[in-house]
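Submitted below is the structure of interest, expressed as structure tokens.
Read-outs throughout are calculated quantities, based only on the coordinates presented, and are distinct from any laboratory measurement. Everything quoted here is computed from the prediction, not taken from an experiment.
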Amino acid sequence: MPEAGKVQASDMLAGDQYARKDWQARIEGGDETLTRLARAHGQYRSLYQNVRDAYAQKDPEMTGEAHFMATRKLGQKSLDRAATASDQAREFAEAEVKAIKHTLTANLGLVENHRAGEIRTALRSLSEQERASVLKAAVESKDAQTIAAVIEGPAWLSGVTQEQAKAFGEHFKNKHGGDLPARLKVLEDAIAINRRTATDALTYVEALLPSQRARDIEAKQAAARKMREQLSEAV
């Protein structure tokens, strides 16, 4: 039977991942989406602390196996509640991420037009150094048409790699998109943190209250019930 203190939780689960100053500032400023994600993460942290403490505090009137089963049952219920809250917060955040990306594209005009093919052909004819210089200048001058031609079509048509095209697109958005790119990154990072925390919570509960031991106890309970039934029928 594992001791609660010897089963370690990950930093993602045990620590407050939303304590960073810039995230707290957004939450205090009324960022509803990040607030929902923070609460969902906090629910997993509370689950970890409560399951750990409940398992460590044994009831003297219960056997070790009874205490294990009772704690595991409550832990599973807590996991289900936390998972529901996490899924709802994630879905809300993913909808916001999609909306931000759409807004960035629309506001910055990053949609290829009738000149896109001409721009890609011209870029492909340049040397790598010349092409990089042209694209850097396009970012600085907010030339959305040129950047859109690169990021909207297959990268090789412009003579750049997919990674380079993505980098120029991100640079353009970060320079001209105001706070939206920063908020987009925060939400995407927070979604990733909550996904990892959900997995780590499952791992922790399984390590502390393994399902194999629960199955073994249930088998013993079934055997005991069968013996009692046989005894009852014999009386």
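Averaging over every viewing direction, what projected area does the convex hull of the Cα atoms of the stretch 95-146 cover, in nm²?
Its Cα hull, projected and averaged over all orientations, spans 4.3 nm².
Here's a follow-up. If the cut-off is a Cα-Cα distance under 22 Å, which lysines reach K58, setting aside same-chain residues fewer than 8 apart in sequence?
Qualifying lysines at Cα under 22 Å: K6, K73, K77, K220.
Per residue of the stretch 120-126, in order, report the coupling 6.51 cos²θ - 1.76 cosθ + 1.60 (Karplus, θ = phi - 60°) as ³J(HN,Hα) in whole Hz, putting x for Gly and Pro.
For the stretch 120-126, the Karplus-derived couplings read 5, 4, 5, 5, 5, 7, 8 Hz, x marking Gly and Pro.
Now for a separate question. Which whole-Hz couplings ³J(HN,Hα) result when phi for each residue of the stretch 208-220 is put into the Karplus expression 6.51 cos²θ - 1.76 cosθ + 1.60, θ = phi - 60°, listed in order with x for Gly and Pro?
Each residue of the stretch 208-220 in turn: 6, 10, x, 5, 5, 5, 4, 5, 5, 5, 4, 5, 5 Hz.
Something else now. Can you give the Kirkwood hydrodynamic radius for the stretch 51-119, in Å, rounded to one decimal and based on Cα pairs?
16.7 Å
How big is the Cα convex hull of the stretch 111-235 in projection, averaged over all directions, in nm²?
Hull-based average projected area comes out at 14.4 nm².
Once the Cα atoms of the stretch 1-56 are picked out, what are the Rg and Dmax in Å?
14.0, 46
Using helices alone, I'd like the mean residue ellipticity at 222 nm for the chain: each DSSP H run of four-plus residues gives -39500 (n - 2.57), total over residue count, nearest 500.
Rounded to the nearest 500, it is -26000 deg cm²/dmol.
Quote the relative contact order of the chain in percent (integer), defining contacts as alpha-carbon pairs under 8 Å separated by 6+ residues.
Answer for the chain is 28 percent.
What span do the alpha-carbon atoms of the chain cover on each of the three principal axes, reported in whole Å from largest to smallest?
Principal-axis extents of the chain (Cα, largest first): 95, 38, 29 Å.
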